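Beneath this line is the structure, given in structure tokens, with notes to follow.
The values are calculated or read from the model by the stated rules, or taken from the named source; none is laboratory data. Since this is a predicted model, take the numbers as computed values, not measurements. Cβ sites come from the backbone with ideal geometry, for glycine too, and all protein chains shown count toward neighbours.
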Amino acid sequence: MSAKARPLIDPARCTGCGRCVAACAPHVLWLEAADPRGWGSKRAVLHDPSGCTGCADCLRVCPFDAVAMRRAPEQPLSAANAAAPPAAPAPGRSPPH
Ligand code: SF4
Ligand code: SF4
């Protein structure tokens with residue numbers, strides 16, 4: 001699935017209230033803690049950009065203006081928004097001949 005626009009979340013505005021996470025039908029947003037052990041303040045992160053439909057429901061429900069929709073090709077890659085690389089094929093397997 002490829003959306004024309006995807007959310008860009010401003011970490012300075014995001015309070016971690018979770019409204020966008022609850023509103024996202026394909027469940028591609030989640031709350032991520034500042035501390036890797038799960039402590040500290042949380043903020044919304046688009047963890048699966050390829051699953052985003054571009055519906056903008058997250059933008060509509062955010063009470064803090066923390067979400068902006070950006071055209072997908074223009075969205076800068078960051079650690080938080082980058083898609084995971086495709087899985088490598090299992091070793092020792094080859095297609096049938
Ligand atoms: S609704 Fe807005 S403030 Fe709340 S978690 Fe989502 S982006 Fe952050
Ligand atoms: S635009 Fe829609 S599908 Fe994409 S993250 Fe926001 S609510 Fe989810």
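Structure values in brief
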{"read-out": "Pairs with Cβ under 6 Å, 6+ apart, first in the stretch 15-27 and closer than 11 Å to ARG43 by Cβ, second of a type in the set (Phe, Trp, Tyr) and within 6 Å of ligand 1 (Cβ to nearest atom)", "value": "THR15/PHE64"}
{"read-out": "So ALA33, is it at pLDDT 95 or above and either under 13 Å from the mean Cα position of the chain (by Cα) or away from ligand 2 (no atom under 12 Å from the Cβ) (or both)", "value": "no"}
{"read-out": "Residue count, the stretch 5-15 (criterion: near ligand 1 (Cβ under 9 Å from one of its atoms) and assigned to a loop (DSSP other than H, G, I, E, B))", "value": "5"}
{"read-out": "Residue within the stretch 78-86 that is modelled with pLDDT of 85 or more and surrounded by 14 or more Cβ atoms within 10 Å (Cβ to Cβ) present", "value": "no"}
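Every residue, every condition in (1) within 14 Å of ligand 1 (Cβ to nearest atom); (2) among the hydrophobic types (A, V, I, L, M, F, W, C); (3) assigned to a strand (DSSP E or B), yes or no:
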| residue | (1), (2), (3) |
| --- | --- |
| ALA3 | no, yes, no |
| CYS17 | yes, yes, no |
| VAL21 | yes, yes, no |
| GLU32 | yes, no, yes |
| ASP35 | no, no, no |
| GLY38 | no, no, no |
| ALA44 | yes, yes, yes |
| GLY54 | no, no, no |
| ALA68 | yes, yes, yes |
